[in-house]
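Each remark here refers to the structure printed beneath this line.
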Amino acid sequence: MKNKILKELGTFQKMNNEKNVSILYFENGRLLNHFDSVIAISFYDEAPNFSNKVFLTNHHDYSRTTAKIRNEFLGYSNNIVKDKITANVYKVIDFY
């Protein structure tokens, strides 16, 4: 699953890097990295196989800080993110 997701992101375009947090922008989505760990991957509408899909890695709630950064990346509060995980709108994957 990991390789399929990374391939689907497409061509790398740019990166924003700030205090151990990087957001990498690709042709079909974006990836959140915190302290060298992938936390979340969000696909755009145009992504061929994963349109509007969000994948969270098993590190997405490692700490309160990681969860806060994840929530900012996704644009939702902690409770809404948990609800989306429970409803299987956001899929948690074993990325490592």
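Readers should treat all values here as calculations from the given coordinates under stated rules, not as data from a laboratory. The structure displayed is predicted, hence computed values, not measured ones. For neighbour counting, all protein chains shown are included, and Cβ atoms are generated from backbone atoms with ideal geometry for every residue, glycine included.
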Next item on the list: Considering only the stretch 11-62, state which residues are aromatic (Phe, Trp, Tyr) and closer than 19 Å to Asn78 by Cα.
Entry: Phe55, Tyr62
Checklist line | Residues of the stretch 38-81 satisfying the condition of being over 14 Å from the mean Cα position of the chain (by Cα) and either within 17 Å of Asn28 (Cβ to Cβ) or of a type in the set (Lys, Arg) (or both) | finding: Asp45, Glu46, Ala47, Pro48, Asn49, Arg64
Next item on the list: Out of Leu74, Leu56, report the one residue that is hydrophobic (A, V, I, L, M, F, W, C), under 17 Å from Lys4 (Cβ atoms) and touching a residue at least 12 places away in the same chain (Cβ under 8 Å).
Entry: Leu56
Notebook entry, point to check: Within the stretch 1-46, can you find the residues that are charged (D, E, K, R) and either touching a Gly at 6+ places or on another chain (Cβ under 9 Å) or not in a strand (DSSP E or B) (or both)?
Noted result: Lys2, Lys4, Lys7, Glu8, Lys19, Glu27, Asp36, Asp45, Glu46
Note to self: Please go through the stretch 47-96 and give me each residue that is among the hydroxyl-bearing types (Ser, Thr, Tyr) and either under 15 Å from Asn33 (Cα atoms) or in a loop (DSSP other than H, G, I, E, B) (or both), ordered by number.
What the structure shows: Ser51, Thr57, Tyr62, Ser63, Thr65, Thr66, Tyr76, Ser77, Tyr96
Next item on the list: Take the stretch 7-16 and flag every residue that is free of Cβ contacts under 8 Å to residues at least 24 places away in the same chain, within 22 Å of Asn71 (Cα to Cα) and within 15 Å of the chain's Cα centre (by Cα).
Entry: Met15, Asn16
Notebook entry, point to check: How do the pairs read when you match residues in the stretch 33-52 that are at positive phi with residues anywhere that are in a strand (DSSP E or B), using Cβ under 7 Å and keeping only pairs 6 or more apart or on different chains?
Noted result: Asn52/Phe43
Notebook entry, point to check: Is the stretch 20-30 home to any residue that is within 18 Å of Lys68 (Cβ to Cβ) and exposed (fewer than 14 other Cβ atoms within 10 Å of the Cβ)?
Noted result: yes
